[in-house]
Structures are given as structure tokens and as C-alpha cells.
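Engineer: Okay, handing you the structure first.
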Amino acid sequence: MVAAKLLLDKKREGHALGSAEIREFIDGFTKGEIPDYQMAAMAMAICCRGMTDRETADLTDAMMRSGVVLDWSDLSLPTADKHSTGGVGDKLSLIIQPLAAACGVAVPSLTGRGLGITGGTADKLETIPGYNASLSMDDYRKVVSEVGCSMTVQTAEICPADKKLYALRDVTGTVASIPLICGSILSKKWAEGAQTLVFDVKSGSGAFMKTREDSVTLATAMVKASQAAGRKAAALVTDMSEPLGYAVGNANEVAEAIEALKTHCGTEPSWISLSVELAALMVSLAKDLPLDEARELCWTKLRDGSAYAKFEAMVKAQGGDLDAFARFCTKPTFKFKIQAMRSGYVTQVDAEKVGRVALMLGAGREKTGDKIDPLAGITLAVKVGDKVAVGQPLATLEKSTEPDGLEKAAAELYKAFQIGSEKPEVGSLILEKIV
Ligand code: URA
């Protein structure tokens, strides 16, 4: 058995661990031979001393091998997936995954449930009556092969080491470490088996990484480690200071994504252009196409309805009923509107504050296992840069359980808005590109 104490001494002194040492440590931890306290000490040593790129790649590989690793080599199509570090109103996967599939890339996408202010794609999709976001691995394979994309939650067979390690990190102050974050996110994505990975690393108040610098560091580390492991990878660092789109919640976000997939014309809001850019990176890398060509193809497949057709086919294959969803969205709910108290230009809609209010309304989970209200959420009426007059609506808050708490939540939501007399400059959502 690996001499855990020696490896702890070595990392504490700032030396790089060997590939076999990392593998044995993670293997021992997964099997329960290395106790939690030694793994927690190792996590802290990694937090304080860091890891080289090679060690990070070895850690990720060892964590990936702690469970099932999927292989899609029997498919005739190249495989790709997009991972977002999570944000507020982030419904981009609902557009990107079917769009890339419509461009001839297979998209096996294991997705997550929401925690805290970060929403989860599985929770959003489960608001579609009948949609099964907990497919067996066999059914998941079938949907990917037949439709070209599938979105389902990761099963316990994928990366058990990450589940165990994340629970320890959460209570030992060791979440904020680039090699550990990299290992955690990448091991799950690598195990999913897609050969091309595109990362959307969010930056700003509503993101896990608050500063641009930290987001670039994480994005660069994930791209480098994935490339070193033989995958094609790229990342965009994108702004998360304001929610994406107008809807923040679950059913309302799905409705907004469906609307975008169906109408696909006219002037494109920035979040749709960002979706196209991320899909274009997937298509360009997976199919070895120049990025301009891939971008053109994506716009065509969005505008000619092919991406919506893929989305419809995926939902149907996973048991979902979009007509029933449309009826579900018209169910009566308790609503509260907030209005502008002064005129001027919207200079800020703070993503974190909006996310916290959505959580108060029941759209998210405080802790794993909490039940969510699928119809709870916020629909913004304005975005940064918009001109508003006194009394003009800023947002509508909604919940389906009971009206209690709506007014308190509304008072909090006011704090997310700043209105000034000067029109602010609205920059691109894309802050950096790492290829
Ligand atoms: N998300 C993950 O899956 N793991 C981390 O360590 C941080 C964010």
C-alpha cells in the first residue's frame, strides 16, 4: 500500500509527486484504504503548495479512473461537449448541445443539478413533463447514438473519487485550489468520453470565480491539462456580472431557450451569440473546420430550425412532452412586480443578488437534496444599458407554492438594480479566449 505519510511529507515540503504516487494515493482513497483525514491533509497541502501541470493532469487522470470511463469510438461522428462553471440564468447548454449535434457532432453531455445560486441543466430540463434526466448508461448511449445529443445527470459510477473528495474539500477549506478544481471538473468531463471539450469559465459576481484573473488561470489550466491528455480543448472566459438573458429559474429558462431555438432570427441577443460561439468552437475543433466556417454553419443550423429539431428529438427520446410543458408554464403562480423608482439608464443588474433572490423564491437549492419549485424564478424586464422611466417594470418575481416571502424577496431584488443618469457601455460577454 502507498506510504501516505511519506507522500504527505513530500507535498507539504513543496515537491512534485510522481504519476504513480498520485495514482496510488487516489486509488487508496477511493477504496477506503487511505482515510479521510489523510486525504484532507493532502488536499490542504495541494492547496498551499500547488501542483505542476503534469501533476494536475495525473490527478485528473487518477480521479477519472476511479469509476467508469465512457468510450464513444463506435460512433461514426466526432464527439464534443461544453462545460460551464455555472452562472445565473445560464441556460446556454439547452441551445449549444442540440446546435452542435445539428452540425454533425455527437454530444454526450453529463450534466448537474443546481446548488446555491448556480442553476443546474438537469433541474431545468426536468421541468418538461416526462423528461428523464436520470437515464441508465445504456439508455444514454441509445439517445446519443440515435439523436446525436443527450443531457442526463452523472451516475454514481462516474468519478466516485470526486464525490468523496469534494465532500471533504467542502468542509476543510480546500475548495479554492486550481489543481483540485481542475481535477474535479475535468475528471468528470474526461470520464464522459467526449474527445473535444469547450469550457465556458464564468467571471464576475454571479460566478464561482469572481475575478477575471482567477477565471483565466482556471480556464488555461483546464485547456492545458485536457490537451496534454490528448483531447482537443478551448475555453472562453465570459462575463457573469449580469444574468444571462431575461429568465432566471428553471421552467422560465427552458421557455426562454425554446423561444431562442424556435425564433432564431433578427438581432441576436448577446447570450445567443455566445451560445453560437461556444458551439462553433466545439464544431471547429471536433470536425477540424476553420472557426469562421464552423460559426457560419452554427448560425445556419440555428436559423433553419435544425437545432430546435435536435432539441425536440432529444426531449422526446428522453420521455419529455413539450406540449405539456407549454401548458405547465401557464399554470397560475404567485407573482410580484418591481418597478423603477427613478428614471435613467440601468447600469447594473447584479447576477449574484438576482441568483440569491431566485434561491429565496425556491428556484434553487441551499443544500444537496432540497426540493425546488420548478415555476419559481425571476423574469427581468430590463438589461444593463436599457433606458427606464419611473414606474417602468424592472422584473417579475414568481413562485408557485405560496405567496409568503414574495415581498421580502422583492425588496432584496431591488438591491440588484442600479440606475444612473449616464448610459453605460455594454461590452462583449466574451472576455478572453484560450485555445
Ligand atoms: N465544480 C466542481 O465540479 N468541482 C470543483 O471543485 C469546483 C466547481
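Engineer: Which residues in segment 406-420 have a backbone N closer than 16 Å to a point placed 7 Å from the Cα of Ser343 along the Cα-to-Cβ line?
Structural biologist: Zone members listed by number: 419-420.
Engineer: Calculate, in nm to one decimal, what His15 and Lys331 gain on full extension: separation in residues at 0.36 nm each, minus their alpha carbon distance.
Structural biologist: The span from His15 to Lys331 would gain 107.8 nm if fully extended.
Engineer: Continuing with the same structure: For segment 4-64, what % of the accessible area comes from carbon and sulfur atoms, probe 1.4 Å?
Structural biologist: 53 percent
Engineer: Which of rounded, prolate, oblate describes segment 13-56, given a ≥ b ≥ c as roots of the alpha-carbon gyration tensor eigenvalues and a/c under 1.5 marking rounded, otherwise prolate only if a/b is larger than b/c?
Structural biologist: Cα axes put segment 13-56 in the oblate bin.
Engineer: Now for a separate question. Round to the nearest 10 and give me the degree value, 0 to 90, for the angle of helix 251-263's Cα axis relative to the longest principal axis of the chain.
Structural biologist: With rounding to tens, the tilt is 80 degrees.
Engineer: If a paramagnetic tag sat 7 Å from the Cα of Lys408 along the Cα-Cβ line, which residues of segment 339-380 would have the backbone N under 14 Å from that point?
Structural biologist: Flagged as within label range: 357-362.
Engineer: What FRET efficiency comes out for the pair Val435/Leu75, r = Cβ-Cβ distance, R0 = 25 Å, nearest 0.05?
Structural biologist: 0.50
Engineer: Let me ask another. Report the paramagnetic label zone for Glu422: residues of segment 385-414 whose backbone N is under 19 Å from a point 7 Å from Cα along the Cα-to-Cβ axis.
Structural biologist: Once the point is set 7 Å along Cα→Cβ of Glu422, 385-388 turn out to lie under 19 Å by backbone N, inside segment 385-414.
Engineer: Right, another one. Keeping all protein chains in the complex and leaving out DNA, RNA and ligands, what accessible area do you get for Lys232 with a 1.4 Å probe, in Å² to the nearest 10?
Structural biologist: Its accessible surface works out to 80 Å², give or take rounding.
Engineer: Divide, for segment 205-285, the radius of gyration over alpha carbons by 2.2 N^0.38 Å, where N is the residue count.
Structural biologist: For segment 205-285, the normalised Cα radius of gyration comes out at 1.29.
Engineer: I've got another one for you. Just check segment 160-314 against the gyration tensor rule for me: Cα atoms, a ≥ b ≥ c as the square roots of the eigenvalues, rounded for a/c under 1.5, and otherwise prolate or oblate depending on whether a/b exceeds b/c.
Structural biologist: prolate
Engineer: Structure shown: which of Lys316/Lys353; Lys91/Lys399; Lys163/Lys202; Lys10/Lys163; Lys224/Lys316; Lys10/Lys367 lie over 27 Å apart, alpha-carbon to alpha-carbon?
Structural biologist: Checking Cα-Cα distances, Lys316/Lys353; Lys224/Lys316; Lys10/Lys367 exceed 27 Å.
Engineer: Here is a follow-up. Cα-based Rg of the chain per 2.2 N^0.38 Å, rounded to two decimals?
Structural biologist: 0.98
Engineer: A follow-up question, please. Want the number for Thr300 to Tyr37: 0.36 nm per residue separation, take away the alpha-carbon distance, what's left?
Structural biologist: Between Thr300 and Tyr37, full extension yields 89.3 nm more.
Engineer: Counting other Cβ atoms within 10 Å, which GluC sites (Glu not before Pro) in segment 331-434 have at most 11 and lie in a DSSP loop?
Structural biologist: Glu366, Glu422, Glu425
Engineer: To the nearest Å, what is the center-to-center distance of segment 367-435 and segment 133-168, using C-alpha atoms only?
Structural biologist: Rounded to whole Å, the Cα centres lie 32 Å apart.
Engineer: Can you work out the Karplus-derived ³J(HN,Hα) for every residue in segment 145-151? Use 6.51 cos²θ - 1.76 cosθ + 1.60 with θ = phi - 60°, whole Hz, and x for glycine or proline.
Structural biologist: For segment 145-151, the Karplus-derived couplings read 5, 7, 9, x, 8, 8, 10 Hz, x marking Gly and Pro.
The values are calculated or read from the model by the stated rules, or taken from the named source; none is laboratory data. This is a predicted model, so every value here is computed, not measured. Backbone-built Cβ (ideal geometry, glycine too); neighbour counts: all protein chains shown. When the accessible area is computed, the model is the full protein with side chains, heavy atoms only, and any ligands, DNA or RNA have been set aside. Shrake-Rupley method; radii C 1.70, N 1.55, O 1.52, S 1.80 Å.
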